[in-house]
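Q: Can you keep this structure in mind? I'll have questions shortly.
The values are calculated or read from the model by the stated rules, or taken from the named source; none is laboratory data. On a predicted model such as this, the values are computed, not experimentally measured, just so you know. Cβ placement follows ideal geometry from the backbone for every residue including glycine, while neighbour counts extend to all protein chains displayed.
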Amino acid sequence: MSKKDQVPLYEALTAWKAQKPLSYHVPGHKNGTVFSSYKRADHLYKDLLKIDATELPGLDDLHHAEGPIKEAEQLTAELYGSIETHFLVGGSTTGNLAMLMAVCSEGDVVLVQKNCHKSVLNGLRLAKAQPVFLTPFIDEASQVATGVSVDLIERALSRYSNIKAVVLTNPNYYGMTMDLRPMINYAHQHGVAVLVDEAHGAHFISERFFPESALKQGADVVVQSAHKTLPAMTMGAYLHLGNVEYKSAINDYLQVFQSSSPSYPIMASLDLARHYLSSLTEQQLGHILEEIRQFKKQLSEVPGINVIGDVSRAYHQLDPLKITVQLAGASGYELAKKLENEGIFVELSDPLNVLLVCPMAINEEIYIRTIQAFKKIALHRNEDNFHEFLYELNHEDMTFPAYSFEKLETMKTKRVKLTEATGMIAARGLIPYPPGIPVVLPGERIPMEKVKRLESILLSGGHIQGIHDEMIEIAIEEE
C-alpha cells in the first residue's frame with residue numbers, strides 16, 4: 001500500500017471498534033450503548049458513536065501526537081508541502097486565533113485585509129495588536145469585496161513602521177483569488193510575516209485545475225477549512241506551517257485554543273478527506289470540472305439568470321467549485337428562498353447573489369435537478385422589480401478603528417437604533433452571517449453609507465450579527 005493510500009487514524013479507530021471494548025471511560029454514551037430512547041436519533045447516531053472515542057491506548061493524543069494522529073498529520077503535510085500540518089477540531093477559527101497569537105504581540109502593528117472573517121478580528125483583539133485595515137477591490141458584477149493589491153501592501157509597509165505581519169484572506173468566500181506571490185515576497189523582503197486565512201482553499205493542490213495555494217506561494221502560516229470543499233465533517237480544518245520560526249509558538253497556542261477532548265470522528269474525517277483529495281487523478285479532476293463547467297454554461301443560458309464570469313480586474317482567478325448566481329428582479333435572499341422551496345439549499349445569499357459550492361465529485365443528477373429548478377423560478381420572475389445594491393467601503397485605502405480593542409473594553413456602552421448610529425462608535429462588530437465578514441468593525445466610527453448598507457441587508461431579508469430588534473451597541477465617548 002502506498003503512503004497516500006493509508007488512513008492511519010481511521011484505521012486505528014476501526015481496529016479499536018472491532019475489539020468491542022467495554023467502556024469505563026468518557027464519553028458517557030459508552031461506545032454508543034447508552035443513548036436516548038428516541039429511536040430516530042438512535043438510527044442516525046448508532047454507528048458514529050462507536051468511533052466517538054477518547055485518548056485511549058493506540059488512539060494517540062492530539063496535543064502530544066506520537067501515533068496514528070501524528071502519522072495522519074504527516075501525510076497531510078506531505079500532500080500540501082508544509083513543514084508541519086495540524087488537525088483542527090474547531091474550524092478555521094481555531095487556526096486563525098492560534099496563528100495570530102503565535103506571531104503577534106501586544107502593540108504590534110498588523111496589516112489586515114478589511115474583508116476578513118470575524119475570527120481574525122477576535123485574534124487581533126486577544127493579541128492586543130494594532131490593526132491597519134487595507135481596503136480590497138470590489139468586483140463590479142457581483143458587488144463583492146475581493147482582495148488587495150501588491151501596490152497597497154507596498155505603500156502600507158512604507159507608511160507604517162514596525163509592522164509585524166500582514167493578514168490576508170484568499171480566496172474570498174465567493175472563490176475569487178489574488179496572486180499573492182508578489183505580496184508575500186515583498187513582505188518577506190521587509191522582514192514581515194504573511195498569515196493567510198485560506199479557509200475556502202483546502203482543495204488547492206493542483207495549479208492545473210485550481211488557483212495556487214498560499215502555502216506554495218510562500219506564506220508563513222496558512223489555515224484551511226477542510227469541511228468547506230473536502231469530504232470532512234463540520235469543524236474539521238488544517239493549519240499548515242510554512243516557516244519553522246513559528247513552530248513552537250503555534251504548538252503552544254493550539255494547546256490553548258484546541259479542546260482537551262477533541263472529536264475523533266472529526267479528526268478521522270480529516271484523515272479521510274486528505275486521502276480522498278490525494279487519490280483523485282488528473283483525469284478524474286478534469287471530468288469533475290468539465291461537468292461543473294457545463295452546469296455553469298447551462299445556468300447562464302436560462303433567461304433572467306446571470307452567472308458571474310471568470311474575467312474581472314478585481315481578482316486574479318476564480319475557483320471553479322464556486323458559482324455566483326443572480327436572478328433579474330430579485331435579491332439574493334429572495335432567490336435563495338425560491339430555491340429552498342424547490343429543495344435546493346445554497347451556501348449563502350446576499351443582497352444581489354446566491355453562492356453555490358459544487359462538490360468535488362461527479363454528480364450529474366444534482367445539476368439536472370438544479371437547472372430545472374432555476375428554469376422554473378426564472379419563468380415566474382418579475383423583472384419590473386428592479387433590485388440594485390452597491391457595496392460601500394471607506395474610500396480610504398488604509399484605515400484603523402477610532403479606538404483600539406483594548407480601549408474599547410474599558411468604555412461604557414449603550415444601545416441605540418441603527419438608524420440613529422451614524423457617527424457613533426461601534427462597541428461590537430456588525431456582521432452579516434453568512435459570510436461572517438464585518439461591515440462595521442469594533443471601535444469603528446460608523447459612517448452613514450454603512451448604516452444604509454446594513455438597512456438594505458435587513459430589508460432584503462439578511463441576518464446581521466450585532467443587531468437585535470433594530471438596535472446596536474455603541475461605545476460612549478468621554479466628553
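Q: Check Thr85, Thr146, Thr135 and return the single one that is of a type in the set (Ser, Thr, Tyr) and touching a His at 6+ places or on another chain (Cβ under 7 Å).
A: Exactly one of Thr85, Thr146, Thr135 is of a type in the set (Ser, Thr, Tyr) and touching a His at 6+ places or on another chain (Cβ under 7 Å), namely Thr85.
Q: Here's a check for you: in the range 164-177, which residue that is touching a residue at least 60 places away in the same chain (Cβ under 8 Å) and in contact with a helix residue (DSSP H, G or I) (Cβ under 9 Å, 6 or more places away or on another chain) is surrounded by the most Cβ atoms within 10 Å (Cβ to Cβ)?
A: Among them, the one singled out is Val167.
Q: Can you name the helices (runs of 4 or more DSSP H) wholly within the range 1-111 that have at least 1 residues being modelled with pLDDT of 95 or more?
A: Filter on the range 1-111 gives 8-18, 68-80, 91-103.
Q: Quick test for you: out of Pro434, Pro442, pick the one residue that is closer than 23 Å to Glu106 by Cβ and either in contact (Cβ under 8 Å) with a residue 24 or more places away in the chain or not in a helix (DSSP H, G or I) (or both).
A: Pro442
Q: Condition first: in a strand (DSSP E or B) and touching a helix residue (DSSP H, G or I) at 6+ places or on another chain (Cβ under 7 Å). Now tell me which residues in the range 312-325 satisfy that.
A: Matches in the range 312-325: Ile323, Val325.
Q: While we're here: Kindly establish whether Lys322 is touching a residue at least 60 places away in the same chain (Cβ under 8 Å) and either of a type in the set (D, E, K, R) or surrounded by fewer than 21 Cβ atoms within 10 Å (Cβ to Cβ) (or both).
A: So Lys322 fits the description; yes.
Q: If you go through the range 299-308 one residue at a time, do you hit one that is closer than 18 Å to His200 by Cβ and either surrounded by fewer than 16 Cβ atoms within 10 Å (Cβ to Cβ) or out of contact with any His (no Cβ under 6 Å at 6 or more places or on another chain) (or both)?
A: yes
Q: Residue check, Gln294 against (1) farther than 28 Å from Tyr238 by Cβ; (2) surrounded by 16 or more Cβ atoms within 10 Å (Cβ to Cβ); (3) out of contact with any helix residue (DSSP H, G or I) (no Cβ under 7 Å at 6 or more places or on another chain), all met but one. Which one?
A: Evaluating Gln294 over (1) farther than 28 Å from Tyr238 by Cβ; (2) surrounded by 16 or more Cβ atoms within 10 Å (Cβ to Cβ); (3) out of contact with any helix residue (DSSP H, G or I) (no Cβ under 7 Å at 6 or more places or on another chain) leaves (2) as the failure.
Q: Looking at (1) buried (at least 17 other Cβ atoms within 10 Å of the Cβ); (2) in contact (Cβ under 8 Å) with a residue 60 or more places away in the chain, which is the one condition that is false for Ser260?
A: With respect to (1) buried (at least 17 other Cβ atoms within 10 Å of the Cβ); (2) in contact (Cβ under 8 Å) with a residue 60 or more places away in the chain, Ser260 is out only on (1).
Q: Still on this structure: Taking the range 121-163 on its own, how many of its residues are surrounded by fewer than 19 Cβ atoms within 10 Å (Cβ to Cβ), of a type in the set (D, E, K, R) and either touching a helix residue (DSSP H, G or I) at 6+ places or on another chain (Cβ under 7 Å) or farther than 30 Å from Leu356 by Cα (or both)?
A: The total comes to 5.
Q: Out of the residues in the range 428-451 that are over 23 Å from the mean Cα position of the chain (by Cα) and not charged (D, E, K, R), which is surrounded by the most Cβ atoms within 10 Å (Cβ to Cβ)?
A: The selected residue is Gly443.
Q: Go through the range 18-51 and give me each residue that's more than 32 Å from the chain's Cα centre (by Cα) and hydrophobic (A, V, I, L, M, F, W, C).
A: Ala18, Leu22, Val34, Phe35
Q: Does Val451 satisfy the condition of being closer than 24 Å to Ser92 by Cβ, modelled with pLDDT of 90 or more and among the aliphatic types (A, V, I, L, M)?
A: So Val451 does not fit the description; no.
Q: Outside any strand (DSSP E or B), in contact (Cβ under 8 Å) with a residue 40 or more places away in the chain, under 14 Å from the mean Cα position of the chain (by Cα) and surrounded by 24 or more Cβ atoms within 10 Å (Cβ to Cβ), is that true of Tyr238?
A: So Tyr238 fails the test.
Q: Which strands (runs of 3 or more DSSP E) does the range 116-225 wholly contain that include 1 or more residues that are at negative phi, in contact with a Gly (Cβ under 9 Å, 6 or more places away or on another chain) and polar (S, T, N, Q)?
A: 130-134, 163-169, 221-224
Q: Going through the range 348-359 one residue at a time, which ones are in a loop (DSSP other than H, G, I, E, B) and surrounded by 18 or more Cβ atoms within 10 Å (Cβ to Cβ)?
A: Asp350, Pro351, Leu352, Asn353, Cys358
Q: Collect the residues in the range 457-479 that are among the β-branched types (Val, Ile, Thr), part of a loop (DSSP other than H, G, I, E, B) and buried (at least 17 other Cβ atoms within 10 Å of the Cβ), keeping them in residue-number order.
A: Ile467
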